[in-house]
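Some notes on the structure that comes next.
The values are calculated or read from the model by the stated rules, or taken from the named source; none is laboratory data. Since we're looking at a predicted model, the values are computed, not measured. Positions of Cβ are generated from backbone atoms using ideal geometry, with glycine treated the same way; all protein chains shown enter the neighbour counts. Note: accessible area is taken over every heavy atom of the protein model, side chains too, but ligands, DNA and RNA are not part of it. Shrake-Rupley method; radii C 1.70, N 1.55, O 1.52, S 1.80 Å.
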Amino acid sequence: MKKIHIIILTLLLPVINAFAKGNDNDEKNALSKWLAGAVVTPNAITTYGLEHCFMVEPVSDMVFQRINGKSYHQNPHIQCSDLRYLKVLHYDGNGQIKLGELICNKAIALDLLTIFRELYDNHYPIERMQLIDDFDANDEKSMRANNTSCFCYRTISNSTKISKHALGLAVDINPLYNPYYRRYRNGRVKIQPSNAARYCDRKKQFAYKIDSNDLCYKLFIKHGFQWGGAWTSLKDYQHFEK
């Protein structure tokens with residue numbers, strides 16, 4: 001029986017090695033091209049260099065091509081040179097390490113880099129962190145996918161006022177589980193994303209929930225951000241702004 005096992009293992013070993021090599025190549029490619037959303041292993045990170053996985057960079061021509069005409073439009077309020085592209089690592093709710101990316105205002109870039117590094121070090125779960133342009137710069141699509149994002153040139157909902165997101169000064173964290181909620185005087189209720197009603201009851205316990213005991217909340221407050229979950233006229237549990 002041992003001989004049979006040895007023969008089977010000998011036959012399978014080249015296949016196993018080829019599979020492992022293929023995975024290694026996939027991870028190297030994902031890291032070198034920084035393919036946000038890709039899952040990587042600790043070994044791949046060590047080889048690549050953890051110091052290269054938390055970076056602040058000017059918006060490159062390649063990144064600008066992704067955002068131009070979507071989350072970014074020519075405007076009198078903010079120029080592309082005012083923005084920064086962040087590379088970060090984050091854990092998801094299943095304990096996998098993923099590549100993440102954000103575009104933010106240069107004024108808060110180092111704050112965010114420090115915050116997300118500490119969240120990563122503490123295995124804080126963030127499901128997804130890709131540019132909102134991967135969701136056609138559509139807030140509803142991005143939020144439904146529980147995508148953490150920052151910059152998107154737009155006005156505040158039902159307003160002509162420029163949003164803090166338009167200036168790259170606001171971040172939405174795990175938005176599906178931390179929705180925007182507002183009840184108007186006429187009884188109408190607005191929830192964003194629209195499929196997040198079950199997460200508006202903040203007395204319940206569920207994954208990715210942000211409250212005042214949460215590490216994410218504590219870090220953003222420590223760095224001088226305001227939390228939308230503390231507002232009185234409405235609640236925006238995903239939202240931190242400066």
* To do: Round to the nearest 10 and report in Å² the accessible area of LYS161, as given by a 1.4 Å probe over the protein chains' heavy atoms.
  => 130
* At q = 0.09, 0.13, 0.15 Å⁻¹, what is the base-10 log of I(q)/I(0) for the chain according to the Debye formula with one equal point scatterer per Cα and no solvent? Please give it to two decimals. => -0.43, -0.80, -1.03
* Once every DSSP H run of n ≥ 4 in the chain is given -39500 (n - 2.57) and the sum is divided by its residues, what mean residue ellipticity at 222 nm do you get, rounded to the nearest 500 deg cm²/dmol? -> -9500 deg cm²/dmol
* Send over a whole-number figure in Å² for the accessible area per residue of segment 92-205, probe 1.4 Å. => 46
* Structure fact -> Rounded to a whole number, the Stokes-Einstein D of segment 69-165 in µm²/s (Kirkwood radius over Cα pairs; 4 °C; 1.567 mPa s) is 91
* Asked: Can you list the lysines whose alpha carbon sits under 21 Å from that of LYS235, skipping same-chain ones fewer than 8 residues off?
  -> LYS141, LYS161, LYS164, LYS190, LYS203, LYS204, LYS209, LYS218, LYS222
* To do: Pick out which of ASN147, ASN68, ASN178 has the largest mean-square fluctuation in a Gaussian network model of the chain, springs linking Cα atoms closer than 10 Å.
  => ASN68
* Structure fact -> Expected sort for 184-191, 231-238, 77-84 on mean C-beta neighbours within 10 Å, highest first, is 231-238, 77-84, 184-191
